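Encoded as structure tokens, the structure appears first; notes follow it.
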Amino acid sequence: MKLLTSIIAILGIIITIAFTIFPIGNLTMFPAIITVLCGVILYKIYKKEGGNTTFPKLIIGLAVLGALISSGRALLTSDKIAEDIKFEHRQEKSNQEAIDDLEELE
Amino acid sequence: MKIKLLKKTFLLVLLLICQYNFSQELSSKSFKSGEHLSYQASYNMSGVLTTFAEVNMQVATVKTSKNSYLHLKCTANTYKKWDDFFKIRDLYEAYVSPYSIKPYLYKRDNNENGTIRKEKYIYKGNSIQSTYVRGRSGEIKANFTIPQNTRDIVSTIYYIRNLPISKANSGDQKDFNIVFDRKTKSAALTFMGTETIATIFGDKKCYKIGVSLKKDKLLKGKANNIIYITADKNKVPVLIKFNIPVGNGQLKLTKANNLKH
């Protein structure tokens, strides 16, 4: 039980950190919630055994932090595209070349 | 002899009337030069729709020394937040007749995280003169034949908007050909009735059209890929739901400027 919960918690925190780095917004909540749940179970097990509770505390802390960063970023950053002069030039060039091609076609 | 001649004349007149009606039917009735539609593209990740790109569709008039064409331009840009991870700058263009939406030239210029893919199709009757560049390979030229009324992906979208959908019955199907990646693919549009959905114009009655590619894994099943087109004169595609082998997502209309009606 302890080993299985620890493995799930470690996997959960890895996915939470990865999802926090990528801008995928609220999706981070799923692994974060699972990690927190596993962290709480582990905390109870460790406390019952009278062991060191640093590991479950760290897991819970990181998961909560990841979830807060992701949801905060999802709320504060709007969906905007960057101004891309190179892409605009590509479009203008393409249009000019197309006109030349159409002239040739005629 | 006279009867035969009369029959032939009658057939010729009928053919001309049909042709006139057909060309009238296909003239750009639902959009005009200057129209600009913006979409938000989302991808379904474990049941959560994650926004990742903006798709713009613009119509402009382009003039050469002899003719004028409609320039149908479609661009896809990933949002700023995604640019550091996977940057997409895609450009798809079609130059079509302003009356029949018949394509004359199609161009594709994709830059997906540094991977370049360029294509150019010059329509010459029942054949296409193509030029393409993929990755670091040089320009490759190839000619191939196409069935009649084959269109590229961009002109097909605008062609669909000009179809007389209001006359269609639920379940009606229209087959057509699309040329993509230098291959002609048979596709089918299935009219799936109407549905009222929330759009930027408010709750709107929309035509629900299923799109499927025959004998192709990309767009399988008519109910998996659906285009919702407003049931008005503008026939604006307000929502496009797609289901491809690598996942599913949607394109939702966020801005619409210079609509015809």
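Laid out as a table, the results:
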{"read-out": "Residue satisfying condition, being at the interface with chain A (Cβ under 10 Å from one of its Cβ atoms) and surrounded by fewer than 16 Cβ atoms within 10 Å (Cβ to Cβ), within set B:90, B:84", "value": "B:84"}
{"read-out": "Qualifying helices (runs of 4 or more DSSP H) (wholly inside segment A:20-106; at least 3 residues being open to solvent by 80 Å² or more (accessible area, probe 1.4 Å) and away from chain B (no Cβ under 14 Å))", "value": "A:29-49, A:54-76"}
{"read-out": "Odd one out for residue B:133, checked against (1) open to solvent by less than 60 Å² (accessible area, probe 1.4 Å); (2) at the interface with another protein chain (Cβ under 10 Å from one of its Cβ atoms); (3) more than 22 Å from the chain's Cα centre (by Cα)", "value": "(2)"}
{"read-out": "Lone unmet requirement of (1) modelled with pLDDT of 90 or more; (2) of a type in the set (Ser, Thr, Tyr); (3) in contact with a Leu (Cβ under 8 Å, 6 or more places away or on another chain) for residue B:212", "value": "(1)"}
{"read-out": "Looking only at segment B:143-165, and only at residues there that are within 8 Å of the chain's Cα centre (by Cα) and open to solvent by less than 20 Å² (accessible area, probe 1.4 Å), the one that is farthest from residue B:124 (Cα to Cα)", "value": "B:160"}
{"read-out": "Condition check for residue A:17: under 30 Å from residue B:76 (Cβ atoms) and in contact with a helix residue (DSSP H, G or I) (Cβ under 7 Å, 6 or more places away or on another chain)", "value": "yes"}
{"read-out": "In segment B:168-218, the residues that are among the hydroxyl-bearing types (Ser, Thr, Tyr) and either outside any strand (DSSP E or B) or within 30 Å of residue B:145 (Cα to Cα) (or both)", "value": "B:170, B:184, B:186, B:190, B:212"}
{"read-out": "Matching residues, segment B:29-61, being within 7 Å of another protein chain (Cβ to nearest Cβ) and modelled with pLDDT under 95", "value": "B:45, B:46, B:48, B:50, B:51"}
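The values are calculated or read from the model by the stated rules, or taken from the named source; none is laboratory data. This structure is a prediction, so every number in the text was calculated from the model and none was measured. Note that we place each Cβ from the backbone using ideal geometry, even for glycine, and neighbour counts take in every protein chain shown. Accessible surface areas use protein heavy atoms only, side chains included; no ligands, DNA or RNA. Shrake-Rupley method; radii C 1.70, N 1.55, O 1.52, S 1.80 Å.
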